Amino acid sequence: MPGYAAYNPYFARFASAGANSSVIVEAAAQQPTFFMVWLGDNDVLASALAGTDLLITPADTFAKYYPMATGALIASGKNPKGVVATIPDVTSLPFFTTISKQLPYNSIRLSADTALLLNKLYTGYGHPEIVWHEGYNPMVYSNPDGSYSQMQPGDLFLLTLPTDSIKCRGMGIADPVAIKPYPIPGKYILNVTEQANIKAQTDLFNGIITATATAQNLAVADMNAYLKLFAPGMIFDGIKLSTTFVTGGLFSTDGIHLNPRGSSIAANYLIQAINAKYGSNIPQSNMTNYPGLVFP
């Protein structure tokens, strides 16, 4: 993006073309003989982190600018080779799966009398669409249009969910002090519809990435597929790694970014793609030389 240096002071420190420069302009100016591009994650991730599917980059925008970015590097003067990587499905990240494994969406157990009182409360506040019953009930969350919904199987809590408010203040049910409905803000939930839309866009973007690689004769590392392999756990050099939060050993404590050991594994997938495409013999990284999370 031209003018990026004006928004990112770290980039501005070394942007040789001044405030109107862009990352691609600076990279192309180096006239690389080889490049690696892993773009597109934030085109879907930024929306998912906000608990919505409404902020995803339009597909036509991505289809326009992604080939331009890689093409600018290819046209930089030395006809370089390169490798690109696909975008992981957000549900491969522990940020979106951790709390849901511990907190069932329908963990509210009610007596018949309490369910009746809640039905009267929600109807009185203009939300008769929420119906409570005796037994286990789904939690309630708010939508951008002001309506409420009850959670469904497959809906995911984000890692930022304030669980203390659920345990101590009735979030997801009703505020016992104010005596009014207390839905979970929708920004803390990625429902099944939003997940499906984000996945569809991710798949579309990955199609653009692989088509660009084919057209421009670049190597491709399918990080989307590789990360999914770690969901049940995989053993590398005697160490079991998975996408489980903290103890899985792949991700940092934000549940989004790979830690050094996870980055080493990602580097190896990139190296494998490069060697397969270009017949090179680049040695792979030894992941045991890099730390995962250090427990006290």
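The number of residues in segment 262-296 that are touching a residue at least 24 places away in the same chain (Cβ under 8 Å) and not in a helix (DSSP H, G or I) comes to 5.
Kindly evaluate THR97 against the criterion of being over 18 Å from GLY207 (Cβ atoms) and out of contact with any Pro (no Cβ under 8 Å at 6 or more places or on another chain). Against the criterion (over 18 Å from GLY207 (Cβ atoms) and out of contact with any Pro (no Cβ under 8 Å at 6 or more places or on another chain)), THR97 qualifies.
THR70 meets all of the listed conditions (1) more than 20 Å from LEU218 (Cβ to Cβ); (2) modelled with pLDDT of 95 or more but one, namely (1). Residues in segment 244-261 that are part of a helix (DSSP H, G or I) and either of a type in the set (Lys, Arg) or touching a Ser or Thr at 6+ places or on another chain (Cβ under 8 Å) (or both): ARG261 only.
Among the residues of this structure, LEU270 does not count as one that is modelled with pLDDT under 95 and surrounded by 19 or more Cβ atoms within 10 Å (Cβ to Cβ). Candidates LEU55, LEU39, LEU45: the one that is in a loop (DSSP other than H, G, I, E, B), out of contact with any His (no Cβ under 7 Å at 6 or more places or on another chain), in contact (Cβ under 8 Å) with a residue 12 or more places away in the chain and not assigned by TED's automatic domain parsing to the domain that holds MET139 is LEU39. If you go through segment 234-243 and keep only what is assigned to a loop (DSSP other than H, G, I, E, B), in contact (Cβ under 8 Å) with a residue 12 or more places away in the chain and exposed (fewer than 14 other Cβ atoms within 10 Å of the Cβ), you end up with just ASP237. Filtering segment 63-102 to residues that are outside any helix (DSSP H, G or I), within 22 Å of ALA267 (Cβ to Cβ) and out of contact with any Leu (no Cβ under 9 Å at 6 or more places or on another chain) leaves only THR86.
Determine, yes or no, whether ASP237 is of a type in the set (Asp, Glu), assigned by TED's automatic domain parsing to the domain that holds GLN272 and in contact with a helix residue (DSSP H, G or I) (Cβ under 7 Å, 6 or more places away or on another chain). Criteria met by ASP237.
Taken over segment 177-231, the criterion of being in contact with a strand residue (DSSP E or B) (Cβ under 9 Å, 6 or more places away or on another chain) and assigned to a loop (DSSP other than H, G, I, E, B) is satisfied by PRO183, PRO185, ASN191, ASN217, LEU218, ASP222, PHE230, ALA231. I'm trying to understand the selection: among the residues of segment 186-198, which are surrounded by fewer than 16 Cβ atoms within 10 Å (Cβ to Cβ) and in contact (Cβ under 8 Å) with a residue 60 or more places away in the chain? Once the filter is applied, which keeps residues that are surrounded by fewer than 16 Cβ atoms within 10 Å (Cβ to Cβ) and in contact (Cβ under 8 Å) with a residue 60 or more places away in the chain, segment 186-198 yields only THR193.
How many residues are surrounded by 13 or more Cβ atoms within 10 Å (Cβ to Cβ) and within 14 Å of LYS167 (Cα to Cα) when one looks only at segment 107-126? The total comes to 2.
Looking at segment 133-158, which of the residues that are of a type in the set (S, T, N, Q) and under 18 Å from GLN195 (Cα atoms) is modelled with the lowest pLDDT? Ranking the candidates gives ASN143 first.
Taken over segment 147-176, the residue count meeting the criterion of being assigned to a strand (DSSP E or B) and touching a residue at least 40 places away in the same chain (Cβ under 8 Å) is 5.
The values are calculated or read from the model by the stated rules, or taken from the named source; none is laboratory data. These numbers come from a predicted model, not from an experiment. No Cβ is skipped: glycine too gets one built from the backbone with ideal geometry, and neighbour counts run over all protein chains shown.
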